[in-house]
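Peer 1: After the structure tokens below, expect a handful of questions from me.
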Amino acid sequence: MGKKHQKHLPENATPVEGAELACREAGLPSTRTALAHVTHEDLSRADKIQIERLEVFANHGVYAEENALGQKFVVSLTLYADLHTAGRRDDLTASIDYGKVCHDVDAYLREHTFKLIEAAAEGVAARVLARYDALMGVRVRIEKPWAPIGLPLATVAVEIERTR
């Protein structure tokens, strides 16, 4: 590297400050929290892993009977990520283990109780985004086929999309 292109840090910079300054000058995020916000346009171009109709028996609902007896919930997820390296290398460590995601979602919904499926969906989205760094975003759909409506219906569902 020629003298013209060398970067000089302030003399009083600590190693952490120096790394942050160098990243900032190079146009790179210095910390995970400094990552650019992912837009819906970014998600539309992202690769996707889709998990369809995972059945979970859990205790969510406004009524006491729903919390006591439990019922079936059907969860579908779209995981947005860059899967190029995983596909090229045929390497699970470069991807997102969808089996692990399914078990995480199942455990989360069984361990927590929510009145609303809207809150359950928010919790699932937050949990998955927190546990899988490679995710750009997630779409969560939670269906409640046994919703106590008192009328015939196939299902009631909430679908949300959250990004980093």
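The values are calculated or read from the model by the stated rules, or taken from the named source; none is laboratory data. Note that this is a predicted model, so its numbers are computed, not measured. Cβ atoms come from the backbone with ideal geometry, glycine included; neighbour counts cover every protein chain shown.
Peer 1: Give me a count of the residues in segment 89-110 that are surrounded by fewer than 12 Cβ atoms within 10 Å (Cβ to Cβ) and polar (S, T, N, Q).
Peer 2: Count: 1.
Peer 1: Right, another one. Test each condition in (1) in contact with a Phe, Trp or Tyr (Cβ under 6 Å, 6 or more places away or on another chain); (2) farther than 16 Å from A157 by Cα for Q50 and report the one that comes out false.
Peer 2: Going through (1) in contact with a Phe, Trp or Tyr (Cβ under 6 Å, 6 or more places away or on another chain); (2) farther than 16 Å from A157 by Cα one by one, Q50 breaks only (1).
Peer 1: Scanning for something modelled with pLDDT of 95 or more, among the aromatic types (F, W, Y) and either within 17 Å of the chain's Cα centre (by Cα) or part of a loop (DSSP other than H, G, I, E, B) (or both), does segment 73-88 turn up at least one residue?
Peer 2: yes
Peer 1: Looking at segment 89-111 only, could you name the residues that are free of Cβ contacts under 8 Å to residues at least 12 places away in the same chain and not in a helix (DSSP H, G or I)?
Peer 2: D90, D91, D97
Peer 1: Follow-up question, since we're still on this one. Give the residues of segment 51-72 that are assigned to a helix (DSSP H, G or I) and small (G, A, S), sorted by residue number.
Peer 2: A64, A68
Peer 1: Give segment 120-146 a look and list any residue that's of a type in the set (G, A, S) and touching a residue at least 24 places away in the same chain (Cβ under 8 Å), or say none.
Peer 2: Residues satisfying the conditions are A120, A121, A125, A126, A134, G137.
Peer 1: For segment 61-88, how many residues are farther than 15 Å from V140 by Cα, touching a residue at least 60 places away in the same chain (Cβ under 8 Å), of a type outside the set (D, E, K, R) and surrounded by 15 or more Cβ atoms within 10 Å (Cβ to Cβ)?
Peer 2: 2
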